[in-house]
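The values are calculated or read from the model by the stated rules, or taken from the named source; none is laboratory data. What you are looking at is a predicted structure, and each value in this text was computed from that prediction instead of being measured. Every residue, glycine among them, receives a Cβ derived from its backbone with ideal geometry; neighbour counts consider all protein chains shown. All accessible areas refer to the heavy atoms of the entire protein, side chains included, with ligands and DNA or RNA removed. Shrake-Rupley method; radii C 1.70, N 1.55, O 1.52, S 1.80 Å.
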Protein chains: 2
Amino acid sequence: LASSIKLYATSSYLSKLLMLDGHILAETDGPCTNHWLVGVDNCINGINDMVQRAKIKAGLDPDTPVCSLGMSLSGGEQKAAIQKLIDDMRERYPKLSQSYFITTDAIGAMATASDYGGIVVISGTGSNCKLVNPDGTQVGCGGWGHMMGDEGSAYWISHMAIKMVFDARDNLVTSPHDINYVKKAMEEYFQVSDLMGMLPHLYRIFQKSYFAGFCRKLAEGGSAGDALCQHVFTEAGKALARHIVAVLPKVHQDLFSGELGLPVLCVGSVWRSWELMKSGFTQVLSEAQAHGYSHFQKYSLLTLRQSSALGGAKMGAQNAGASLPLDYSANVNVFFSHTFNQ
Amino acid sequence: LASSIKLYATSSYLSKLLMLDGHILAETDGPCTNHWLVGVDNCINGINDMVQRAKIKAGLDPDTPVCSLGMSLSGGEQKAAIQKLIDDMRERYPKLSQSYFITTDAIGAMATASDYGGIVVISGTGSNCKLVNPDGTQVGCGGWGHMMGDEGSAYWISHMAIKMVFDARDNLVTSPHDINYVKKAMEEYFQVSDLMGMLPHLYRIFQKSYFAGFCRKLAEGGSAGDALCQHVFTEAGKALARHIVAVLPKVHQDLFSGELGLPVLCVGSVWRSWELMKSGFTQVLSEAQAHGYSHFQKYSLLTLRQSSALGGAKMGAQNAGASLPLDYSANVNVFFSHTFNQ
């Protein structure tokens, strides 16, 4: 039985692993498996642990390898690093799986939503954008992490808001709105009494995920009407839309012409604040459309109703010579559509 | 004899310690003593080592404490942390000194140049700006490190140039000039063949000082005529000038009225590229002057001809109830003056 099982995993800060054979047999959660963040050892151990727990949960023999382990991992970009991860898994855990496949969280998400392609825009702790054309070719924008990008992510939003408090204190840049809500929220969230107190959070004890978590407080402030919180989310909307504009020239003609127009798959927790980002996001796309993309008539924003692990499993199965059909319409939800005025 | 010796130290990435009693008796160098970067233990050990070597070099008994140890340390900002540093030094090295005084690199530099005040603008690996008024009051801008500021610093210049290469590759932002020189220089300096190769330098093996060192290559490119290199230095000039504009409203009237106009003390290696920064720097100050600072008629840029350790020693001596007169005119050099058109 187990040899026909397709197993797949996805990971960002919290990992989720599911096991399926046409339908989902078992689901397990685990710690972060981004090998850039936790190291190769923790990554491999975390994956093995999740798979073994899933086998047991599904009533399978944990000593029998599964047929295929298809994984969609944040940080699964660099070919050499991925191959090393697979080699290490094979060597250390021979009972894990017969074949291995690793793709990125973006591609796993896209494969969960469609086999035709589209644009994925991830905005969680970090951000990333990937165009997948109908012919399978990919074009990326962003995904370089907080030191070189992450525009429009929770980290970036938190940083922008906090930087405005620093700049206002320094008289270096005048804030477009009153900083008091953000300043108080920052002092509460980070448990500091002044800007000096922020230094450990920026350096010695810096944790990207914790820093990015401040974004939730800003979303609350924005929803409650604070103008500066609303401003940073509007800017995030613009930043995310700019990632789409960046890959627009490479979008295959056919991707524009479906019923939904250009499909944009939105992944990550920041998209929960869509209402706060909407004005900035739509503005940037409308400007780009007006400047020369006449075949770009409509776009739709989609979210996944299933874990992007599904797409990872599908691709893993394909890689192992099998097929794992997914019901795409059941996997996605359209939450916004816009048709440009002609 | 040693009890009448005033010892002083300064530190940024490379420390320098001098020993003087009216005139300089001995000079020693040491490793970085920024306790935020190297930790309290390394900082204290480094300082003790430099002082003891200086005593020996000056022919003094290393077991006899000096009268006063006045230090000007980068990272010497936070009162509680500084007090802990002093307490630890007293406890661990009782033969070091009778009294201790720690100020920042900015204030140490200012005290080396003048006892009347002025504006210090540091641009080395990081950046910082401090106004010291004739009455001794201080107003700061910046100095928050690379995660929250450092605008106009070598780190910031390097980052801006590299970010332009990433953004051009992503089609996210169009570079104002051809990126080829910067891209090649980056690949050579960091020994990478593509952008992916930069990720370890940004995260796993990130070292701010090494990253900032790329700025030298950009300065070479700018001097050789590369437009993008020239652009980032022009932007750095603007950024540094904005720090001055930020503290302008707090500048005491008297600081404008000396022969030099507003004295701006320029500290740090980035100022060696003044010619590349000049247009951006002067533009921002001229705009600020035109928008409401009619008493701001002239400014002069100064560099130190002596180590800013001198100012630290002077302040340490004052703190210990002694005085250590400095010949300010011998300590500074005016390298640029500008009088605004009325």
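Sorting the Cα pairs of segment A:124-192 by distance into bins of 5 Å, from 0 upward, gives 3, 15, 18, 16, 16, 12, 6, 5, 5, 3, 0 percent per bin. Sorted from shortest to longest, the distances between the B:SER323 label points of this copy and the other copies are 9.4 nm, with each point 7 Å from Cα along the line through the beta carbon. Against the longest principal axis of chain A, how steep is helix A:40-57, in degrees 0 to 90 to the nearest 10, with axes from Cα atoms? That works out to roughly 60 degrees.
The residue in chain B that lies nearest, by its beta carbon, to the axis linking chain B with chain A is given here with the distance in whole angstrom as B:MET147, 5. In this structure segment A:218-305 gives 40 Å² per residue of accessible area when probed at 1.4 Å with all protein chains present. Per residue, the convex hull spanned by the Cα atoms of chain A measures out at 141 cubic angstrom.
Which angle between 0 and 90 degrees, to the nearest 10, do you get for helix B:227-247 versus the longest principal axis of chain B when only C-alpha atoms count? Approximately 50 degrees, to the nearest 10. For A:GLU91, inter-copy separations between label points set 7 Å beyond Cα along the Cβ vector come to 4.6 nm, shortest first.
Considering only alpha-carbon pairs that sit under 8 angstrom and 6 or more positions apart, the relative contact order computed for chain B is 20 percent.
Largest mean-square fluctuation among A:MET110, A:MET71, A:MET198, in a Gaussian network model of chain A whose springs join Cα atoms under 10 Å apart, belongs to A:MET198. Between the beta carbons of B:ALA80 and A:VAL40, assuming R0 = 41 Å, the FRET efficiency works out to 0.55 to the nearest 0.05. List, by residue number, every residue in segment A:167-206 with a reduction of 20 Å² or greater in accessible area between the chain on its own and the complete protein assembly, 1.4 Å probe. Residues passing the criterion (a loss of at least 20 Å², heavy atoms only) are A:ARG169, A:ASP170, A:ASN171, A:LEU172, A:MET196, A:LEU199, A:LEU202, A:TYR203. Which lysines does A:LYS55 reach when only Cα atoms under 16 Å apart count, and residues fewer than 8 places away in its own chain are ignored? Once the sequence-local lysines are set aside, what remains near A:LYS55 is A:LYS6, A:LYS16, A:LYS95.
List the aspartates and glutamates whose Cα lies under 14 Å from the Cα of B:LYS298, skipping any in the same chain that are fewer than 8 positions away. Cross-link targets: B:ASP254, B:GLU259, B:GLU287. Highest GNM mean-square fluctuation among B:HIS243, B:HIS159, B:HIS201, for chain B modelled with Cα contacts below 10 Å: B:HIS201. Taking a straight Cα-Cα cut-off under 16 Å and skipping sequence neighbours fewer than 8 places away in the same chain, the lysines within cross-link reach of B:LYS250 are B:LYS130. A label point on A:ASP61, set 7 Å along the Cα-to-Cβ line, lies at 8.4 nm from each of its counterparts in the other copies, closest listed first.
Going from the chain on its own to the full set of protein chains, segment A:53-101 has these residues losing 10 Å² or more of accessible surface (heavy atoms, 1.4 Å probe, no ligands, DNA or RNA): A:GLU77, A:GLN78. Both radii were evaluated on the Cα set of the protein assembly as shown; the Rg over Rh quotient, with Rh as the Kirkwood radius, amounts to 1.04.
Note down the Stokes-Einstein diffusion coefficient of segment A:300-342 in µm²/s, whole number, using a Kirkwood radius over alpha carbon pairs, 37 °C, and 0.692 mPa s.
Working: Rh = 12.2 Å.
Approximately 270 µm²/s, per Stokes-Einstein.
Using a probe of 1.4 angstrom, how much of the accessible area of the protein assembly as shown is carbon and sulfur, in percent? After summing per-atom areas, the C and S share lands at 50 percent.
Here the translational diffusion coefficient of segment A:208-310 follows from Stokes-Einstein with Rh set to the Kirkwood radius across Cα pairs; for 37 °C and 0.692 mPa s it amounts to 219 µm²/s.
In the assembled protein chains, B:HIS291 presents an accessible area of approximately 150 Å² (probe radius 1.4 Å).
Think of it as helices only: each DSSP H run of n ≥ 4 in chain A is worth -39500 (n - 2.57), and spread over all residues that comes to -13500 deg cm²/dmol at 222 nm.
Of A:LYS184/A:LYS208; B:LYS217/B:LYS278; B:LYS163/B:LYS217; A:LYS183/B:LYS238, which pairs sit farther than 24 Å apart, going by alpha carbon to alpha carbon? Write down the numbers at each step before the final one.
On the way: A:LYS184/A:LYS208 20 Å; B:LYS217/B:LYS278 18 Å; B:LYS163/B:LYS217 15 Å; A:LYS183/B:LYS238 27 Å.
Going by Cα-Cα distance, A:LYS183/B:LYS238 fall outside the 24 Å limit.
Chains B and A: buried accessible surface, both sides, probe 1.4 Å, rounded to 100 Å²? Before the final figure, lay out the partial values.
Numbers: alone 15550 and 15590 Å², together 28050 Å².
Summing both chains' loss of accessible area gives about 3100 Å².
In chain B, the longest principal axis of the Cα atoms and the axis of helix B:154-170 are about 20 degrees apart.
Under Stokes-Einstein, with the Kirkwood radius over Cα pairs standing in for Rh, what whole-number D in µm²/s applies to segment B:265-342 at 10 °C and 1.306 mPa s? Working shown, then result.
On the way: Rh = 14.9 Å.
Reported coefficient: 107 µm²/s.
Taking B:GLY292, B:GLY152, B:GLY124 as the candidate residues, the one with maximal mean-square fluctuation in a Gaussian network model of chain B, Cα springs under 10 Å, is B:GLY292. Here segment B:202-234 is scanned for amide nitrogen atoms under 14 Å from the site 7 Å beyond the Cα of B:SER279 along Cα-to-Cβ, giving B:222-234.
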